[in-house]
1. Among the residues in segment 161-180, are any away from the ligand (no atom under 16 Å from the Cβ), modelled with pLDDT under 85, surrounded by 12 or more Cβ atoms within 10 Å (Cβ to Cβ) and outside the structural domain of residue 54 (by TED's automatic domain parsing)?
2. Would you point out the residue of segment 46-93, among those that are at pLDDT 60 or above and in contact with a helix residue (DSSP H, G or I) (Cβ under 7 Å, 6 or more places away or on another chain), that is nearest to residue 138 (Cα to Cα)?
3. With the structure loaded, tell me whether residue 209 is farther than 17 Å from residue 4 by Cα, surrounded by 13 or more Cβ atoms within 10 Å (Cβ to Cβ) and free of Cβ contacts under 8 Å to residues at least 60 places away in the same chain or whether it fails that test.
4. Among the candidates 200, 219, single out the residue that is touching a residue at least 40 places away in the same chain (Cβ under 8 Å), away from the ligand (no atom under 12 Å from the Cβ) and not in a loop (DSSP other than H, G, I, E, B).
5. From the list 147, 192, 157, exactly one residue is at pLDDT below 95 and in contact with a strand residue (DSSP E or B) (Cβ under 6 Å, 6 or more places away or on another chain). Which is it?
Ligand SMILES: [Zn+2]
């Protein structure tokens, strides 16, 4: 049986538009830079009579220096040991006053400038600054928060192009007629079997002139293959 190859008409290929609503993106966004905080605890060494004011001013001075000179923001300040001071801080009614501590300590949590990467040097830097202001660094602690990367994947409809085939001349094996492949007919029939049952048979290459079944063999080009 003669075999005919039917190529895809290159000019007819159309890629279907994808509805953006059908496209889903989840992503793997790279993890951002780690956030570093340093918590320092320090004691103003020369405490005048008005301890509250002195501590407040000392804390403000450190906050300003960190922000303006080191681009690092103090997120939280906690002052402890103030209750022994001459200017007594008012307590919530019913609250038991803690034991007096003559040395108020100031604790600060600092969001460290991302450009500062050497924490040992930053610690020494702060230590030197505090010493120059007659304050004593008693503790420092570094915490790092590393952002997690989020995974993503593209999901969407698979885009299958539509296309036509080039009209290709084929020849019928039965009558010898030549015609373009689109004229080939498809027919089906019920065929009786020897056991009395019936079988559905069909041909996609029926001659349009003489009705010959499987009048030729046609191979259609596969897209992308
Ligand atoms: Zn024919």
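The values are calculated or read from the model by the stated rules, or taken from the named source; none is laboratory data. None of these values were measured; they are calculated from a predicted model. Every residue, glycine as well, gets a Cβ built from its backbone with ideal geometry; the counts of neighbours run over all protein chains shown.
1. Kept after step one, since they are away from the ligand (no atom under 16 Å from the Cβ), are these residues of segment 161-180: 161-168.
From what's left, modelled with pLDDT under 85: 161-162.
Going one step further and asking which of them are surrounded by 12 or more Cβ atoms within 10 Å (Cβ to Cβ), we end up with 161.
If we keep only those that are outside the structural domain of residue 54 (by TED's automatic domain parsing) too, we end up with 161.
Yes, there is a match, as at least one residue in segment 161-180 is away from the ligand (no atom under 16 Å from the Cβ), modelled with pLDDT under 85, surrounded by 12 or more Cβ atoms within 10 Å (Cβ to Cβ) and outside the structural domain of residue 54 (by TED's automatic domain parsing).
2. 79
3. Numbers: farther than 17 Å from residue 4 by Cα: yes; surrounded by 13 or more Cβ atoms within 10 Å (Cβ to Cβ): yes; free of Cβ contacts under 8 Å to residues at least 60 places away in the same chain: yes.
Yes, satisfied.
4. Working: 200 fails: touching a residue at least 40 places away in the same chain (Cβ under 8 Å).
Result of the check over 200, 219: 219.
5. Working: 147 fails: in contact with a strand residue (DSSP E or B) (Cβ under 6 Å, 6 or more places away or on another chain); 157 fails: in contact with a strand residue (DSSP E or B) (Cβ under 6 Å, 6 or more places away or on another chain).
Exactly one residue qualifies, and that residue is 192.
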